[in-house]
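A quick write-up on the structure given underneath.
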Amino acid sequence: MEGKSSYFILLVIVAFLSITLAFLAIGFFVFGNHGSGGEKEAVAVTNTAPTDSELAVKKLFENKNFNLKKTNDKQVAVVSVTASLKYFKKVDGMKEEEVAAKIDFYSGEINDAIGTYFKGQTLEDVSQVDASKKASDYLTKKINEILTKNEKKPNPLVHALVFDYMLYQ
């Protein structure tokens, strides 16, 4: 009798797993992605540079001073920065005017993110050779997060934050 009950339990488990697999397969095909985001993912993964006609430039500020993080009580360190924002003219679902308007709308938060970044840097940090590259990479990502936080399908709007001028002392 024990052999038949073990066989029955194994049969129930196999049947349950088969039915579960069937429902998962149906769910994948009915409610699956169907390639709706594949194009966007390909754009985000590839590192092809956009053409000049696809980008626009907005000067954020000129010679703006930011206090740096103090390393001792007697030292006051400052960085002076001129920054421009290279952004995509057109993004999926948005016209050129809408992209520019969105950047203008969030300009306060963008400037705050830049200021907060430099407040966390020391004089030694900004004096490194690749300091502007690190700042640009980090802040480009941060600005895209700010601009796309209310989007259902976030596409990056900003291509790069460019520091035209950086002087520290």
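The values are calculated or read from the model by the stated rules, or taken from the named source; none is laboratory data. Keep in mind that what you see is a predicted model, and the values were worked out from it rather than measured. Please note: Cβ atoms are built from the backbone with ideal geometry, for glycine as well, and neighbour counts cover all protein chains shown. These area figures cover heavy atoms from the full protein model, side chains too; ligands, DNA and RNA do not enter into them. Shrake-Rupley method; radii C 1.70, N 1.55, O 1.52, S 1.80 Å.
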Check: Helix hunt in the chain: which complete DSSP H runs extend at least 30 Å axially by C-alpha with mean Kyte-Doolittle at least 1.0?
Finding: 2-31
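Kirkwood Rh and Cα-based Rg: tell me the resulting Rg over Rh for the range 114-169, rounded to two decimals.
Numbers: Rg = 13.0 Å, Rh = 12.4 Å.
Dividing the radius of gyration by the Kirkwood radius yields 1.05.
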Note to self: If I stretch the segment between GLU98 and ASN111 completely, what's the gain in nm (0.36 nm per residue apart, minus their alpha carbon distance), one decimal?
What the structure shows: 2.7 nm
Next item on the list: Report the paramagnetic label zone for THR51: residues of the range 96-132 whose backbone N is under 20 Å from a point 7 Å from Cα along the Cα-to-Cβ axis.
Entry: 96-97
Note to self: Could you compute the net charge surrounding ASP125? Neighbours are other residues with a C-beta less than 15 Å from the C-beta of ASP125; K and R count +1, D and E count -1.
What the structure shows: +2
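Restricting attention to the range 104-157, which GluC sites (Glu not before Pro) occupy a DSSP loop and are surrounded by at most 16 other Cβ atoms within 10 Å?
GLU151
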Checklist line | Whole-angstrom Cα spans of the chain along principal axes, big to small | finding: 88, 45, 27
Item checked: Highest-fluctuation residue, PHE29, PHE118, PHE16 considered, GNM on the chain with Cα pairs under 10 Å -> PHE16
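Are there trypsin sites (Lys or Arg not before Pro) in the range 65-169 that DSSP marks as loop and that have at most 14 other Cβ atoms within 10 Å, and which are they?
Numbers: sites: LYS69, LYS70, LYS74, LYS86, LYS89, LYS90, LYS95, LYS102, LYS119, LYS133, LYS134, LYS141, LYS142, LYS149, LYS152; in loops: LYS69, LYS70, LYS74, LYS89, LYS90, LYS95, LYS149, LYS152.
In loop regions of the range 65-169 (DSSP not H, G, I, E or B), the sparsely surrounded trypsin sites (Lys or Arg not before Pro) are LYS69, LYS70, LYS74, LYS90, LYS95, LYS149, LYS152.
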Notebook entry, point to check: Rounded to a whole number, what % of the accessible area of the chain do carbon and sulfur atoms account for, probe 1.4 Å?
Noted result: 58
Note to self: For a quick check, take a GNM of the chain with Cα springs below 10 Å and name the residue from ALA49, ALA83, ALA15 with the largest mean-square fluctuation.
What the structure shows: ALA15
Next item on the list: Mind computing the radius of gyration and Dmax over the alpha-carbon atoms of the range 69-112? Å is fine for both.
Entry: 17.0, 52
